[in-house]
Each structure stands twice: as structure tokens, then as C-alpha cells.
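What follows is a single structure, written as C-alpha cells, with notes after it.
The values are calculated or read from the model by the stated rules, or taken from the named source; none is laboratory data. These figures come from a predicted structure and were not determined experimentally. Here the Cβ positions follow ideal geometry from the backbone for every residue, glycine too, while neighbour counts run over all protein chains shown. Protein only, heavy atoms only, side chains kept; ligands, DNA and RNA dropped before computing areas. Shrake-Rupley method; radii C 1.70, N 1.55, O 1.52, S 1.80 Å.
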Amino acid sequence: MSQNGRYKAALLFGAPGVGKGTQGKILGLVPGFFHLSSGDVFRSIDIESDEGQVIYKYISKGELVPDDLTVKIWRKALEAYIFLSRFKPREDLLILDGIPRNVHQAEMISEVIDVRAVVHLTCLDLDQMVDRIKRRAIRESRVDDANESIIRHRFNVYEQDTAPVLNCYPDEMINSIDAMGSPAMVLTKVLEVVGPVQEEIFRANAAAKQ
Ligand code: ADP
């Protein structure tokens, strides 16, 4: 945690299907990192609940869930993981995946999040990403991956609303990584970015214990 009480975080950033979830899940297995995906949080909400119904309505169309609801649910999930000590703010670097997804969300979460690094996973080959997403749809039966026009709409939303989020952070903080390598090679590069940030937290804690 930062001195001002905000949680230290690295953002996994990039278009749908670029591999944020794959990398985030692997990092989440390494002590000192806690991976939180807003998409996973939404998919875990009971679809029969009032909030679940609203979320489903947006996700199934490939639209962003409204900001207030998104941030409210995401904060509740974050606090629940803190309560359960799954996320230990003093020791862990938070790996955020899927949020912020527009400039307003970036402003909203900055109250509680201290962004230390941005990992921008890039891929210029749209067709390759659409293919990845279609394969994922079969594996995970996701409603937002169900047909190609919804998938393509999500790319438009990304270009229009999400890509400008990069302007919220200083250039030196943004690390672009080609996402089309093998998961292991991409992971190596992601670790080169987030490893030193986590190491700083690790060393500060070790020093405080002496
Ligand atoms: P992907 O990994 O393909 O980028 P996600 O799992 O992150 O997809 O998100 C799936 C869907 O959940 C999004 O298309 C959107 O409808 C909704 N969603 C996830 N995160 C947010 C967010 N921060 N704000 C608004 N909607 C979101």
C-alpha cells in the first residue's frame, strides 16, 4: 500500500483477446501479485439478481457496463478479497485487468489505486485476435464472444473509449509488449515490467521488519 493509503497497482491493458486474462492469471499464482479482472468479477455475479440482469444486458451486447455500477461492484470485490486476506495490500502488487476501461473510470479508481506501471499488450492483427476470441468462446461459453458482430463492436468500443485511457498516465509508465508471441515469451516481458515494481514493495517490507 502507498503511504497515502492507496493500493499499488499495475494495469494490464490492451484490446479484447490480446491475452490480459492469460497473463493476469499466471501472475496471480506468483506470491506478491494479486490479479483482479473486472470481467471475471462481472461473470461471477448471480445473473438472476437485479445487478446481474443489468450487467448481462450490457455484456451480451458488447457494451461497457455503466461506470458507477462497474466501480461499485469492483470495489466491493476488492474489499471482499482484502477481508479474506487473498489480497494483502501491504505485500501484494495489485494486477488490474479490464479496468479502467474509459477515462472516467481511470479518474474514479484513482481515489483508491496508485498506478505504478502500465503493461500495454499490443497486436496489430485484428483477425488473429478475433480468432483467439472465437476459440475462447467455445472453451468458456461467453455471451460477449458469441458472434462476430458483437466481437467487432467490442473492438470499436476499445478504440473509442478505452485506448484514450493511455493518455491518463505518463509515457515513461507505459510499457508496450507485442502480445503475439508465445504466452511464455510474453510472460517474460510482462515480468520484466512488474517484477521490479513488486520487488520494491518486497524490499520495503523486509526493511520494515528489521
Ligand atoms: P476481454 O478480456 O475480452 O477484454 P473482459 O472479460 O475484460 O473482456 O470483459 C468482458 C465484458 O465485461 C466487456 O466487454 C464489458 O461488457 C464488461 N466489462 C468488463 N470490465 C468493464 C469495465 N471496467 N467497465 C465496463 N464494462 C466492463
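Computed values, structure above
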| quantity | calculated |
| --- | --- |
| Residues that are without any contact (Cβ under 8 Å) to a residue 60 or more places away in the chain and of a type in the set (D, E, K, R), drawn from segment 110-135 | ASP125, ASP127, ASP131, LYS134, ARG135 |
| Hits in segment 132-183 - residues which are open to solvent by 80 Å² or more (accessible area, probe 1.4 Å), within 30 Å of SER110 (Cβ to Cβ) and not in a helix (DSSP H, G or I) | SER176, ASP178 |
| Residues (assigned to a strand (DSSP E or B), among the aliphatic types (A, V, I, L, M) and either closer than 15 Å to VAL197 by Cβ or open to solvent by 20 Å² or more (accessible area, probe 1.4 Å) (or both)) located in segment 105-123 | ILE113, VAL115, ALA117, VAL118, VAL119 |
| Residue that is farthest from VAL190 (Cα to Cα) [pool: residues in segment 1-50 that are away from the ligand (no atom under 13 Å from the Cβ) and part of a helix (DSSP H, G or I)] | ASP50 |
| Any pair with Cβ under 6 angstrom, 6 or more apart, that starts in segment 57-85 at a residue that is within 18 Å of ARG101 (Cβ to Cβ) and at pLDDT below 95 and ends at one that is assigned to a helix (DSSP H, G or I) and open to solvent by 40 Å² or more (accessible area, probe 1.4 Å) | SER60/VAL143; GLY62/HIS153 |
